[in-house]
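The values are calculated or read from the model by the stated rules, or taken from the named source; none is laboratory data. Since we're looking at a predicted model, the values are computed, not measured. Note that each Cβ is placed from the backbone with ideal geometry, even for glycine, and that neighbours are counted across all protein chains shown. To get the accessible areas, we keep the full protein, side chains included, count just its heavy atoms, and leave off ligands, DNA and RNA. Shrake-Rupley method; radii C 1.70, N 1.55, O 1.52, S 1.80 Å.
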Amino acid sequence: ASLSWAEERLLERHFARKIVEVYSQCAEQDPTIYTATAQATAIALFRRFFLSNTVVDFSPSLMLLAAILLAGKVEERRKEPARLLKLFGEELTVPQLVLYEAFLMEGCNFQFRVFHPYRPAMAFLGDFVIFLRRKH
């Protein structure tokens, strides 16, 4: 039972949106760890992984947790795997999550630098606010 390319992309988009939901839910508890930049990085890593892998071979829900864990490390907003599993992955153990994180790293060719428009947009917004304050 193979999926078509369009069906795989649909699943990928669905789980990328789930990352947003997870971050929204977790940011209420700890906004210093679950930041918008880490969220954008998790989505980018998740999508990068599925450019060279299929949802048939790797469960998107498990790779979603691995992307959140790895994004925290990349953005220096480290998350505790046990806490993440307690919230979202009851059937998974910490060693299994770390294994999926290794799959994610390999699927991203160990290239963790992520370029997304969030940082430049926030910098521009900050500069614009300063400009408006000076103007008035």
message: Any residue that is over 23 Å from E7 (Cα atoms), at pLDDT below 85 and in a helix (DSSP H, G or I) - is there at least one of those in region 69-79?
response: no
- prompt: Counting only residues that are open to solvent by 90 Å² or more (accessible area, probe 1.4 Å) and assigned to a helix (DSSP H, G or I), which one in region 100-121 is nearest to S61 (Cα to Cα)?
  reply: E106
- request: For region 67-86, enumerate the residues that are in contact (Cβ under 8 Å) with a residue 24 or more places away in the chain, over 11 Å from the mean Cα position of the chain (by Cα) and surrounded by 19 or more Cβ atoms within 10 Å (Cβ to Cβ).
  value: K79
- request: Note down all Cβ pairs under 7 Å where the first residue falls in region 1-23 and is within 13 Å of V56 (Cα to Cα) and at pLDDT below 85, the second is open to solvent by less than 100 Å² (accessible area, probe 1.4 Å) and not in a helix (DSSP H, G or I), and they're at least six residues apart or on different chains.
  value: S2/V56; L3/V55; L3/V56
- prompt: Would you pick out the residues in region 24-64 that are part of a helix (DSSP H, G or I), open to solvent by 10 Å² or more (accessible area, probe 1.4 Å), among the hydrophobic types (A, V, I, L, M, F, W, C) and over 29 Å from A6 (Cβ atoms)?
  reply: A27, A36
message: Regarding region 91-106, can at least one residue be identified that is farther than 24 Å from T32 by Cα, among the charged types (D, E, K, R) and over 18 Å from the mean Cα position of the chain (by Cα)?
response: yes
message: If I filter region 3-23 for residues that are touching a helix residue (DSSP H, G or I) at 6+ places or on another chain (Cβ under 9 Å), in a helix (DSSP H, G or I), of a type in the set (S, T, Y) and open to solvent by 60 Å² or more (accessible area, probe 1.4 Å), do I get at least one hit?
response: no
